[in-house]
Amino acid sequence: MSPIISSAEFKELLTDNLIILDARAGKDIRQNYLEKHIKGARFIDLDKDLAEIGENAAFGGRHPLPSVEKFAETLSKFGINEDSTIVVYDDKNGSNAAARAWWMLKSFGLKDVKVLDGGMQAAEKENIEFSSGEETFEKSSLIKKESWDLPISGLEDIENELTSNSATVIDVRDAYRYKGESEPIDLVAGHIPGAINIPFSENLDENGMFLKPDILKKKYKQLLESQPENLIIHCGSGVTACHTILALNYAGFPIPNLYVGSWSEWSRREGKEVAKEI
């Protein structure tokens, strides 16, 4: 089952039973949602629903995962159950928070979850109906779950894997951030020593759509040809890393490990080495 759905396929799928999640993020995003969203879409908040932000990003990063118990309550709030068909979109080609929502829903054990290729902009071009204001929907029964299904790596795992050269750690941030030229979000510029850089933007074509699965597969096979097969993906705070995990899954690769804390945790943790290429 493909994790990506085109706007044309999405339009054909639109029914009362489809659950649509608006995962846009950023400044004033709640107000933006109220002003305009795909009709029926339910706004899912990156900071409140897809993360449980702690007091110190040195332990967990800027967007640590909530507990599975808390996420179960979130799913109930949105009317999601085990049999739901879910389509998630944002306005940044899946890299804003749609891919993070997809990862969490899949890791929670839900089967039929897709990200809208091209996001909100593609939906507009397809003349999909939009709406404004709040959407009303019923809650669902609470799903019981004890742990995340998809593989997760922690800071210590990264250190051990890099020391033993048993994993490939992929940093998906833009090259200038990886190189340490500047850092617009976190406190320190640079990257985890030993990590390689494959920016998530390279998963997309010139129109901001995901590359076809066969192209993605060929691309990553070439890039990772001489690297350990065990992959750990990270970014700044564990959000856009999910974009590359989504792309790899779309291309037919096994779902790799997510380092949730990512650079925001590593760069703040006392005593951790920082590498630069400037």
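The numbers here are math on the coordinates, done by the rules we state, and not lab data. None of these values were measured; they are calculated from a predicted model. When we count neighbours, we look across all protein chains shown, and the Cβ atoms used for this are built from the backbone with ideal geometry, even at glycine.
Quick look at the values:
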read-out: Point-to-point label distance, residue 221-residue 67, nm (Cα→Cβ direction, 7 Å offset); value: 4.5
read-out: Structure-based [θ]222 nm, the chain - -39500 (n - 2.57) summed over DSSP H runs of at least 4, per residue, nearest 500; value: -8000 deg cm²/dmol
read-out: Candidates 259, 250, 176, ranked by Gaussian network fluctuation over the chain, Cα under 10 Å, top entry; value: 176
read-out: Stretch gain in nm, segment residue 214-residue 39, where the contour uses 0.36 nm per residue and the Cα spacing is subtracted; value: 59.7 nm
read-out: Separation in nanometres of the label points that stand 7 Å from Cα toward Cβ, at residue 2 and residue 185; value: 2.8
read-out: Formal net charge of residues neighbouring residue 130 (Cβ-Cβ distance under 14 Å; K, R +1; D, E -1); value: -2
read-out: Among 211, 34, 21, residue whose mean-square fluctuation peaks in a GNM of the chain (springs only between Cα atoms under 10 Å); value: 34
read-out: Listed residues 92, 125, 114, most fluctuating in the chain (Gaussian network, C-alpha, under 10 Å); value: 125
read-out: DSSP bridge pairs, the chain: antiparallel proportion in percent, nearest 5; value: 15
read-out: Neighbourhood charge, 13 Å Cβ-Cβ cut-off, centred on residue 251 and excluding it, Lys, Arg +1 and Asp, Glu -1; value: +3
read-out: Region 134-200 - charge dipole about Cα centre, Lys and Arg +1 at Cβ, Asp and Glu -1, debye rounded to 20; value: 100
read-out: Computed over the chain, the ratio Rg/Rh where both radii use C-alpha atoms and Rh is Kirkwood; value: 0.96
read-out: DSSP beta bridges in region 4-131 [antiparallel fraction, %, rounded to 5]; value: 15
read-out: Counting DSSP beta bridges with both ends in region 152-266, the antiparallel % (nearest 5); value: 10
read-out: Cα centroid separation - region 61-126 against region 218-263, whole Å; value: 18
read-out: Distance in nm between pseudo-label sites at residue 16 and residue 160 (7 Å out along the Cβ direction from Cα); value: 5.2
read-out: Extension gain, residue 111 back to residue 85 (0.36 nm per residue minus Cα-Cα distance, nm); value: 8.5 nm
read-out: Links that overshoot a 18 Å alpha carbon limit, given the list 106/217; 92/217; 106/145; 48/111; value: 106/217; 92/217; 48/111
read-out: C-alpha center-to-center spacing [region 186-205, region 141-177] in angstrom; value: 14
read-out: R0 of 25 Å, Cβ-Cβ distance residue 56-residue 141: FRET efficiency to nearest 0.05; value: 0.10
read-out: Cα-based Rg of region 152-266 normalised by 2.2 N^0.38 Å, two decimals; value: 1.01
